[in-house]
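Just below is one structure, and these are the notes that go with it.
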Amino acid sequence: MASQEEILRDERFSCVTRDPRFWEMPEKERKVKIDKRFRAMFHDKKFKLKYTVDKRGRPVSYTSTENLKKFYALSESDSDLSENDSKERTEKKKKKKKPKPKGEADS
């Protein structure tokens, strides 16, 4: 087997180093940027599936939201908004859960 350097020196393959089609994709561009309209898919229960086995039948324990975070990213202006919204939602959930007085019965 020839080494990597020898292959790149060969005239037949020299265009590979200059051709942008063969360059590695930058980290910042790998994830698809989505805007605030679709940020609900990161925390909505409708988008969450819990996997117990992978496509080859091996046991795993991860959810589909982890895959979403792997391939999608919120746009820069919306990422700050999503963090604030998630905090507000948790606060609203805490406020909504009020204990019922013991004297009242459900009808």
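The values are calculated or read from the model by the stated rules, or taken from the named source; none is laboratory data. Keep in mind the model is a prediction, meaning the values are calculated, not measured. Reconstructed Cβ throughout: ideal geometry from the backbone, glycine too, with neighbour counts over all protein chains shown. Areas reflect the complete protein model, heavy atoms only, side chains present, ligands, DNA and RNA absent. Shrake-Rupley method; radii C 1.70, N 1.55, O 1.52, S 1.80 Å.
Given the residues 18, 56, which is the only one that is at pLDDT 65 or above, out of contact with any Phe, Trp or Tyr (no Cβ under 8 Å at 6 or more places or on another chain), within 30 Å of residue 3 (Cβ to Cβ) and open to solvent by 80 Å² or more (accessible area, probe 1.4 Å)?
Details: 56 fails: within 30 Å of residue 3 (Cβ to Cβ).
On inspection, the qualifying residue turns out to be 18.
Quickly run through the stretch 21-37 and pick out the residues that are touching a residue at least 24 places away in the same chain (Cβ under 8 Å), within 17 Å of residue 70 (Cα to Cα) and open to solvent by 60 Å² or more (accessible area, probe 1.4 Å). Don't jump to the end; show me each part of the working.
Pass one, the stretch 21-37, residues touching a residue at least 24 places away in the same chain (Cβ under 8 Å): 31-36.
Those left that are additionally within 17 Å of residue 70 (Cα to Cα): 31-35.
Listed by number, the residues that qualify are 31, 32, 33.
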